[in-house]
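See structure below.
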Amino acid sequence: MTSIEKKITINGVNLSELLGPNDSNLKLLEDRFNSTISFRGEVFTIRGVAQEVEIIDKVLKEMIYVLNTSNKLSTKDVETILNLTSEGDEVTKEEDYDSIVLYTKNDVIKAKTPGQKYYLKIASQNDICFAIGPAGTGKTYLAVAIAVASLKKGLVKKIILARPAVEAGESLGFLPGDFQEKIDPYLRPLYDALDEMLPTEKLRGYIEKGIVEIVPLAYMRGRTLNNAYVILDEAQNATDLQMKMFLTRLGANSKAIITGDITQIDLPHKTKSGLIQAKEILQGISGVGFVYFDKEDVVRHKLVKDIIDAYEKNNLSKTNGD
């Protein structure tokens, strides 16, 4: 039989814990298979017959999955994975690996719908990605997870999350506290997302060091953002000038995701949404991608999908003059 060679890059995992004490986990693989398994840095190289190489590839992915989800990988775990995978009954389906965005202490964050999987693909292929759709489709949550994963992998040096504070408007001055205390409620959803993905102390340290910034959109003016993952949330409430200002902040080795719901615009009457304008004029530009979600991508409570559907039907009846 013809031998093949396959290389697997190991990202975001402690290599010594994966290999086990004195490489005991690796030796289990070598004892079970005829293929040769070597590693240099974070790259594993497997050489052997095609069918066996694919099984080893799946076993390694399972080992990484277990280690990242439970923060430990015992010899017994590896033996279980070997037995299940060799019998063709993997713990995790092959397609699930490509859907995983981030491992956290309590959960695995991954794409759950075809629309979300397409979102990951477009975000990875473009420097600027627009994600447009209704509430509950995971636009913001996945965007933050993508940014955190990029920071953990060393692909960027900082994360900047921005939101228009348009809801505050004229009432901002009537709220108690200093400016930061007044603006915090509008940025709270971004804090909540980060809090689920990073340990509290680490997140606090990142914010104190400026590695993670959560700011009103107006604070982006005049900046050039290098080596950063930049997210603009609730972008339907950015004006056309604000959107242009935001998009032109992007510097070297930076990426951006812009999320919004064009059915939930809170701007004053006759003020054009920058998200709608961007959708109209930026289509077809290389490096700029668009993802459109619908109610089939809703991953919140099952009633959210029904609520969106009811409002869509109501708007349609008004349009038709019923």
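The values are calculated or read from the model by the stated rules, or taken from the named source; none is laboratory data. Given the structure is predicted, the values throughout are model-derived calculations rather than measurements. We place every Cβ from the backbone using ideal geometry, glycine too, and count neighbours over all the protein chains shown. Protein only, heavy atoms only, side chains kept; ligands, DNA and RNA dropped before computing areas. Shrake-Rupley method; radii C 1.70, N 1.55, O 1.52, S 1.80 Å.
Below is a table of values for the structure above.
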quantity: Phi-based couplings in Hz for the range 254-260 (Karplus 6.51, -1.76, 1.60; Gly and Pro marked x); calculated: 10, 9, 9, 10, 10, 10, x
quantity: Using θ = phi - 60° and Karplus 6.51 cos²θ - 1.76 cosθ + 1.60, couplings along the range 54-69 (whole Hz; Gly, Pro as x); calculated: 5, 5, 4, 4, 5, 4, 4, 5, 5, 4, 5, 4, 5, 5, 6, 8
quantity: The range 177-289: projected area of the alpha-carbon convex hull, averaged over directions, in nm²; calculated: 8.6
quantity: Surface share of carbon and sulfur [accessible, 1.4 angstrom probe, percent] for the range 253-296; calculated: 49
quantity: Loop-located GluC sites (Glu not before Pro) in the range 12-65, at most 14 other Cβ atoms within 10 Å (DSSP); calculated: E42
quantity: Whole-Hz ³J(HN,Hα) from phi, Karplus 6.51 cos²θ - 1.76 cosθ + 1.60, for the range 193-204, glycine and proline x; calculated: 4, 5, 5, 7, 9, 10, x, 3, 5, 5, 4, 4
quantity: Distant-in-sequence amide H partners of N253 (H built 1.01 Å from N, under 5 Å); calculated: N227
quantity: Stokes-Einstein diffusion coefficient of the range 1-78, Kirkwood radius over Cα pairs, 10 °C, 1.306 mPa s, in µm²/s; calculated: 125
quantity: Built amide H within the under 5 Å cut-off of C129, gap 5+; calculated: A256, I257, I258, G289
quantity: Sequence-distant residues sharing a close amide H with T104 (under 5 Å, placed H); calculated: I109
